[in-house]
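Some notes on the structure that comes next.
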Amino acid sequence: MKDPERRRLTRYNLRTRLRFRALGVAADTSEHFTEALNVSRGGFFFASSAPLRVGMRLEVTLRMPVEVSGTMTQELNRTARVTHARSEPFSDGRIGFGAEIEEHADVTRGE
């Protein structure tokens, strides 16, 4: 039996640029570049080969399309937390992760 849908915000199947680094992990201070595979105002799903775990905090820069923001394309600088990991890797070996946005500090760019 599947868990009931917990999302309260509309999820959009849009690919958008994503840059992140793990917070509080001394072994990996590097920035990672990938794409969010779907986004909402409260979170996103992405694939990465970075050694992430559920509960880890991330510093992210995410390009939020107009379909999601409702006004204009926005580049968001946020803190997020990994909420789940996909159990099966993608064909290229990357793992899928879901993340929930925690803190808000927008950098808006109209396009």
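The values are calculated or read from the model by the stated rules, or taken from the named source; none is laboratory data. Predicted model, so just to flag it, every value in this text is computed and none were measured. Quick reminder, even Gly has a Cβ in these numbers, built from the backbone with ideal geometry, and neighbours come from all protein chains shown. Heads up: the accessible areas ignore ligands, DNA and RNA and are worked out on the full protein's heavy atoms, side chains in. Shrake-Rupley method; radii C 1.70, N 1.55, O 1.52, S 1.80 Å.
Would you confirm whether any residue within the range 9-23 is at pLDDT 85 or above and more than 13 Å from the chain's Cα centre (by Cα)?
Checking the range 9-23: at least one residue is at pLDDT 85 or above and more than 13 Å from the chain's Cα centre (by Cα).
List every residue pair whose Cβ atoms lie under 7 Å apart, where the two residues are 6 or more positions apart in sequence or sit on different chains, the first residue falls within the range 47-66 and is farther than 11 Å from Ala85 by Cβ and in contact (Cβ under 8 Å) with a residue 24 or more places away in the chain, and the second residue, located anywhere, is open to solvent by 30 Å² or more (accessible area, probe 1.4 Å) and small (Gly, Ala, Ser).
Correct list of pairs: Ser49/Gly93; Arg57/Gly24.
Within the range 29-64, take every residue that is among the charged types (D, E, K, R) and not in a loop (DSSP other than H, G, I, E, B) and give me the one that is farthest from Arg78 (Cα to Cα).
Top of the filtered list is Glu35.
Quick check on the range 77-101: of everything there that is among the small types (Gly, Ala, Ser) and in a loop (DSSP other than H, G, I, E, B), which residue is farthest from Arg57 (Cα to Cα)?
Ser91
Tell me, which residue of the range 51-76 that is in contact with an Asp or Glu (Cβ under 7 Å, 6 or more places away or on another chain) and open to solvent by less than 70 Å² (accessible area, probe 1.4 Å) is nearest to Leu37 (Cα to Cα)?
Arg63
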